[in-house]
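Chemist: Pasting a structure below so you can have a look.
The values are calculated or read from the model by the stated rules, or taken from the named source; none is laboratory data. Everything quoted here is computed from the prediction, not taken from an experiment. Don't worry about glycine lacking a Cβ; one is built from the backbone with ideal geometry, like all the others, and counts go over all protein chains shown. Ligands, DNA and RNA are stripped out before the accessible areas are found, and what is left, the full protein with its side chains, is counted by its heavy atoms. Shrake-Rupley method; radii C 1.70, N 1.55, O 1.52, S 1.80 Å.
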Amino acid sequence: MNNIFSQLDTSSWAAYKRSLGQGVETAQELGVSDRTLTNFAASFGEFLARNAKADLPENKAVKEMWQVADTGDQKVLAGLMIKLAKKAYQENL
């Protein structure tokens, strides 16, 4: 997990989405399936829900949505984040 955190650009929301999208693209080029990515993203989301500070209203909203979601809903949220990140990355190629 630390390796992932160290490679993400958290200087802004746009930069974060682009760097996350780049990681998704790289994983797919290496043969990682969408299902595996979504499962990983769901695990990552659980980690963040337990450990990330809800210091901004947006972060608090996402954290609370994650906490009330069942496993299926969490996978949907994770899949949407992957799509959002990929779109942000592809728009900046």
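Chemist: Could you tell me which trypsin sites (Lys or Arg not before Pro) in the chain are loop residues by DSSP with no more than 15 other beta carbons within 10 angstrom of their beta carbon?
Modeler: Within the chain, the qualifying trypsin sites (Lys or Arg not before Pro) (loop, at most 15 other Cβ atoms within 10 Å) are LYS53.
Chemist: Explain nothing, just compute: Karplus ³J(HN,Hα) = 6.51 cos²θ - 1.76 cosθ + 1.60, θ = phi - 60°, for every residue of segment 54-60 in order, whole Hz, x for Gly and Pro.
Modeler: Going residue by residue, I get 9, 7, 10, x, 5, 5, 5 Hz, with x marking Gly and Pro.
Chemist: Distance between Cα centroids, segment 14-40 to segment 52-79: provide it in whole Å.
Modeler: Between the Cα centres of segment 14-40 and segment 52-79 lies a distance of 19 Å.
Chemist: Given the options SER19, SER33, SER11, which has the most mean-square fluctuation in a GNM of the chain, springs set between C-alpha atoms less than 10 angstrom apart?
Modeler: SER11
Chemist: Given a 10 angstrom Cα cut-off, can you work out which residue in GLY23, GLY31, GLY45 is the most mobile in a GNM of the chain?
Modeler: Of GLY23, GLY31, GLY45, the most mobile in the Gaussian network model is GLY31.
Chemist: Based on DSSP H runs of at least 4 residues, each adding -39500 (n - 2.57), what is the mean residue ellipticity at 222 nm of the chain after dividing by all its residues, to the nearest 500 deg cm²/dmol?
Modeler: About -26000 deg cm²/dmol.
Chemist: With every protein chain present, what is the per residue accessible area of the chain (1.4 Å probe, Å²)?
Modeler: Spelled out: the 1.4 Å probe surface of the chain, per residue, equals 70 Å².
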